[in-house]
Amino acid sequence: MTLAQALAVAAAALVVGIGPEQGSLAVSSASAQVAAAMDRASIRAAVGELADLMERNYVFPDAARRYADHLRTRAAAGSYDGLSDPRQLAEALETELNGVHQDAHLRIAPSEGAPASGDGPRVRRGPPGGGQAISDAMWLADGVGYFRINGLPSTDESVAQMTAALDQLEDAQTLIIDLRRCPGGSLREMDVLFSRLYAEPTRVMIMDTRTDAVSPFDSVDSVRLRRAAAPAGITRSEHWAVPTTPVNSLSDARVFVLTGRTGSACEHLSQALRETGRATLVGAPTGGAGHYGGVRRFGGGRFQVFLPVGNSYAPGAQSWEGVGVQPHRNVPMEEALNEVLREINVPVEAVARVPAFEAPSRRVAEAAPGRRAYGIGLFPPRGGETYVNIEEVAPGMVADQAGVRAGDRILAINGTAVAQMSAEQFRTAIRSSPMTLTLQRGEQRLEVRMALE
């Protein structure tokens, strides 16, 4: 598992729970403890500890038992005894567990440095690159306000940024919230936004956490989380929108949410506004990161697992894990703002300042000159992503005939993981012939081999 993969996993979590200070599954090649070979006893002890962690904490009890049974059976049979290199053992464990039950958040890696037993401090992820969490608050036209959410890090600074943006746009009759580049975060900024957009107290989200797990919400600074009755083994938290007093004028505004590369907590925000009827979503389906959890150490501190412990869903809806939140108007994300402007009858040329949005164009992968194309439509990776979504498959073309479907996730091409490719390497690989795609389809992992004539 690469460092880029680990960072992508941590960024996808709604709240990153227990882990190292950077909030990621970091790997250090300089670590003497990690580099040291493991003996048979330490291997079996580590696998046994992981089995216990999964059984007690994983979000779905049935899958948790299957994980644990698999690990214990394989360990007792000596299947891991020859994997003395911690990196090889971590890779084998991650691959096998995702074969038992696929979870895009479940990742295992050797720990960084020489950690003591136990877990590190709680952290939350902020916007990528350390930029402003809330930016570009502006008036696009008379009565039409716009602002962008780049992340929800739950800091005093980002809460102040949200407050300032909403104060600036308080008189908007139409409010456009841009989540197309929002990877996730936590709840404090959401609470400020919800308090302005709702006129009545409204239950917007349900979060179910395994009772035996360490809940990320125990330390979340939100006065709008309430405990509720739940089935045995589940601790249920409800997220409520609590209006300001007096009710804010934005509670009457027409709200649009732009979606695209929208993940985790920003999907929480998207689904909450969608399912309560408070906003119209325009853009592409979101990333599908509905589980939340944290990093736990095991094997005497040699290893870390990002362990999903909970699941989110709006009342009356299902979790968006693996499928994303579906927009009301499904258009390429770079066209989402123009689509909204057309709907509210604001000509693009009349907008005083159109916010810049740089997005890769979705393209049907082309073949080398003189060859047929496979007919796969996708967004090329930006780097560090663990998969690429197939957005469309052209009817009757090679990929369609081979059984590739829109919605499949490309995990690897010709045996090389997507996370290990640059954008240019991906473009070269996706045009190769013959080509073998490793795909994720729901809980299935498939190998599809194709060739161009």
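Looking at region 23-39, which of its residues are surrounded by fewer than 16 Cβ atoms within 10 Å (Cβ to Cβ) and either in a helix (DSSP H, G or I) or at pLDDT below 50 (or both)?
Let us first name the residues in region 23-39 that are surrounded by fewer than 16 Cβ atoms within 10 Å (Cβ to Cβ), namely 28-30, 32, 35-37, 39.
Across region 23-39, the qualifying residues are Ser28, Ser29, Ala30, Ala32, Ala35.
State yes or no: is Pro355 within 17 Å of the chain's Cα centre (by Cα), surrounded by 15 or more Cβ atoms within 10 Å (Cβ to Cβ) and either more than 28 Å from Leu175 (Cα to Cα) or modelled with pLDDT under 95 (or both)? Show your work before the answer.
On the way: within 17 Å of the chain's Cα centre (by Cα): no; surrounded by 15 or more Cβ atoms within 10 Å (Cβ to Cβ): yes; either more than 28 Å from Leu175 (Cα to Cα) or modelled with pLDDT under 95 (or both): yes.
Taking the combined requirement at face value, the residue does not satisfy it.
Is it true that Gln318 is under 21 Å from Arg181 (Cβ atoms) and assigned to a loop (DSSP other than H, G, I, E, B)? Break it down stepwise before answering.
On the way: under 21 Å from Arg181 (Cβ atoms): no; assigned to a loop (DSSP other than H, G, I, E, B): yes.
Here the answer is no, as Gln318 does not meet what is asked.
Has region 314-336 got at least one residue that is under 16 Å from Met205 (Cβ atoms), among the basic types (Lys, Arg) and in contact with a helix residue (DSSP H, G or I) (Cβ under 8 Å, 6 or more places away or on another chain)?
Checking region 314-336: not a single residue is under 16 Å from Met205 (Cβ atoms), among the basic types (Lys, Arg) and in contact with a helix residue (DSSP H, G or I) (Cβ under 8 Å, 6 or more places away or on another chain).
Take Thr386 and decide whether it is touching a helix residue (DSSP H, G or I) at 6+ places or on another chain (Cβ under 6 Å) and among the polar types (S, T, N, Q).
Details: touching a helix residue (DSSP H, G or I) at 6+ places or on another chain (Cβ under 6 Å): yes; among the polar types (S, T, N, Q): yes.
For Thr386, the condition - touching a helix residue (DSSP H, G or I) at 6+ places or on another chain (Cβ under 6 Å) and among the polar types (S, T, N, Q) - is met.
Among the candidates Ser135, Ser186, which residue alone is among the hydroxyl-bearing types (Ser, Thr, Tyr), at pLDDT below 95 and within 20 Å of the chain's Cα centre (by Cα)? Talk me through it step by step, then tell me what you get.
Numbers: Ser135 fails: within 20 Å of the chain's Cα centre (by Cα).
Criteria check complete, one pass: Ser186.
Any residue at all in region 332-349 that's at pLDDT 85 or above, closer than 24 Å to Ser264 by Cα and in a loop (DSSP other than H, G, I, E, B)?
Looking through region 332-349, at least one residue is at pLDDT 85 or above, closer than 24 Å to Ser264 by Cα and in a loop (DSSP other than H, G, I, E, B).
Can you name every residue in region 404-431 that is of a type in the set (Val, Ile, Thr), assigned to a helix (DSSP H, G or I) and surrounded by 18 or more Cβ atoms within 10 Å (Cβ to Cβ)? Steps first, answer last, please.
The initial filter retains those residues of region 404-431 that are of a type in the set (Val, Ile, Thr), namely 404, 410, 413, 416, 418, 428, 430.
Next, from what is left, pick out any that are assigned to a helix (DSSP H, G or I): 418, 428.
Matches in region 404-431: Val418 only.
Inspect region 375-384 for any residue being charged (D, E, K, R) and either at pLDDT below 85 or assigned by TED's automatic domain parsing to the domain that holds Thr438 (or both) and give the result as yes or no.
Filtering region 375-384 down to residues charged (D, E, K, R) leaves 382.
Remaining after also requiring either at pLDDT below 85 or assigned by TED's automatic domain parsing to the domain that holds Thr438 (or both): 382.
Looking for residues that are charged (D, E, K, R) and either at pLDDT below 85 or assigned by TED's automatic domain parsing to the domain that holds Thr438 (or both), one finds at least one in region 375-384, hence yes.
Could you list, in sequence order, all residues of region 275-315 that are assigned to a strand (DSSP E or B) and closer than 24 Å to Glu391 by Cβ? Spell out the reasoning first.
Of region 275-315, the ones assigned to a strand (DSSP E or B) are 280-283, 291-298, 303-313.
Matches in region 275-315: Thr280, Leu281, Val282, Gly283, His291.
Assess whether Glu238 counts as being on the phi < 0 side of the Ramachandran plot, acidic (Asp, Glu) and either crowded, with 22+ Cβ neighbours inside 10 Å or touching a strand residue (DSSP E or B) at 6+ places or on another chain (Cβ under 6 Å) (or both).
Values: on the phi < 0 side of the Ramachandran plot: yes; acidic (Asp, Glu): yes; either crowded, with 22+ Cβ neighbours inside 10 Å or touching a strand residue (DSSP E or B) at 6+ places or on another chain (Cβ under 6 Å) (or both): yes.
Answer is yes for this residue.
Is it fair to say Gln425 is outside the structural domain of Glu321 (by TED's automatic domain parsing) and over 25 Å from Trp320 (Cβ atoms)? Outline the logic, then answer.
On the way: outside the structural domain of Glu321 (by TED's automatic domain parsing): yes; over 25 Å from Trp320 (Cβ atoms): yes.
Spelling it out, Gln425 is indeed outside the structural domain of Glu321 (by TED's automatic domain parsing) and over 25 Å from Trp320 (Cβ atoms).
Among the candidates Gly324, Gly283, Gly316, which residue alone is at positive phi and touching a Leu at 6+ places or on another chain (Cβ under 8 Å)?
Working: Gly324 fails: touching a Leu at 6+ places or on another chain (Cβ under 8 Å); Gly316 fails: touching a Leu at 6+ places or on another chain (Cβ under 8 Å).
Criteria check complete, one pass: Gly283.
Take the residues of region 66-81 that are of a type outside the set (A, V, I, L, M) and either under 15 Å from Ser42 (Cβ atoms) or outside the structural domain of Asp52 (by TED's automatic domain parsing) (or both): which is nearest to the chain's Cα centre (by Cα)? Spell out the reasoning first.
Just the residues of region 66-81 that are of a type outside the set (A, V, I, L, M), to begin with: 66-67, 69-70, 72-74, 78-81.
When the remaining residues are screened for being either under 15 Å from Ser42 (Cβ atoms) or outside the structural domain of Asp52 (by TED's automatic domain parsing) (or both), the result is 78, 80-81.
Details: Gly78: 35, Tyr80: 30, Asp81: 34 Å.
Out of the qualifying residues, it is Tyr80.
Mind listing just one residue for me: the one in region 52-109 that is polar (S, T, N, Q) and modelled with pLDDT of 95 or more and, of those, nearest to Ala232 (Cα to Cα)? Break it down stepwise before answering.
Initially, region 52-109 is screened for residues polar (S, T, N, Q), giving 57, 73, 79, 84, 88, 95, 98, 102.
In the following step, the residues that additionally are modelled with pLDDT of 95 or more were identified as 73, 79.
Working: Thr73: 27, Ser79: 35 Å.
Taking the candidates together, the pick is Thr73.
Report whether or not Asp408 is acidic (Asp, Glu) and within 23 Å of the chain's Cα centre (by Cα).
Working: acidic (Asp, Glu): yes; within 23 Å of the chain's Cα centre (by Cα): yes.
Against the criterion (acidic (Asp, Glu) and within 23 Å of the chain's Cα centre (by Cα)), Asp408 qualifies.
Just name the residue that is surrounded by the fewest Cβ atoms within 10 Å (Cβ to Cβ) out of those in region 246-285 that are at pLDDT below 95 and of a type in the set (S, T, N, Q).
Top of the filtered list is Ser264.
The values are calculated or read from the model by the stated rules, or taken from the named source; none is laboratory data. Given the structure is predicted, the values throughout are model-derived calculations rather than measurements. Quick reminder, even Gly has a Cβ in these numbers, built from the backbone with ideal geometry, and neighbours come from all protein chains shown.
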